[in-house]
């Protein structure tokens, strides 16, 4: 995947790879936070038994179910998401990884992309994590 040189991103330029296991309502909130930010959403599931795969498909995510015979790791899930993306979307210029219990600020991807364009030697950016329900 290559970096788009201007600051205007189209939805099909952006893919989000979401990983999770039994995230329930948190996954739904995560996926809904992505709908207006990405043309491609891939959900990689690590053996959920709570309907997470169905919830992701209902929100137009491409679902990758990991083989339960191999140990689950975040790295394995992210790599599986990238492998699926490479099969389907050659025009993607920005990839965002997110855990299924997180949501993205609506401006995050555009802000991160603008930073990458302004700093061509930088290859990755990270945002700040803010806990929503500290006492939950």
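Worth a mention:
- Selection of segment 47-75 for residues being under 15 Å from the mean Cα position of the chain (by Cα) and part of a loop (DSSP other than H, G, I, E, B) yields 59, 60, 61.
- Only listed residue being surrounded by fewer than 19 Cβ atoms within 10 Å (Cβ to Cβ), over 23 Å from residue 115 (Cα atoms) and in contact with a helix residue (DSSP H, G or I) (Cβ under 6 Å, 6 or more places away or on another chain), chosen from 76, 59: 59
- Of residues in segment 80-106 being more than 24 Å from residue 47 (Cβ to Cβ) and more than 15 Å from the chain's Cα centre (by Cα), the one surrounded by the fewest Cβ atoms within 10 Å (Cβ to Cβ): 90
- Residue in segment 85-95 that is touching a strand residue (DSSP E or B) at 6+ places or on another chain (Cβ under 6 Å) and either under 14 Å from residue 30 (Cα atoms) or without any contact (Cβ under 8 Å) to a residue 60 or more places away in the chain (or both) present: no
- Top-ranked residue in segment 17-28 [being under 20 Å from residue 78 (Cβ atoms) and not in a strand (DSSP E or B); ranked as farthest from the chain's Cα centre (by Cα)]: 22
- Test result for residue 102, in contact with a strand residue (DSSP E or B) (Cβ under 9 Å, 6 or more places away or on another chain), touching a residue at least 24 places away in the same chain (Cβ under 8 Å) and in a loop (DSSP other than H, G, I, E, B): yes
Read the figures in this text as sums done on the coordinates, not as results from a lab. As the structure is a prediction and not an experimental result, all values here were calculated from the model. Cβ: placed from backbone, ideal geometry, glycine included. Neighbour counts: every protein chain shown.
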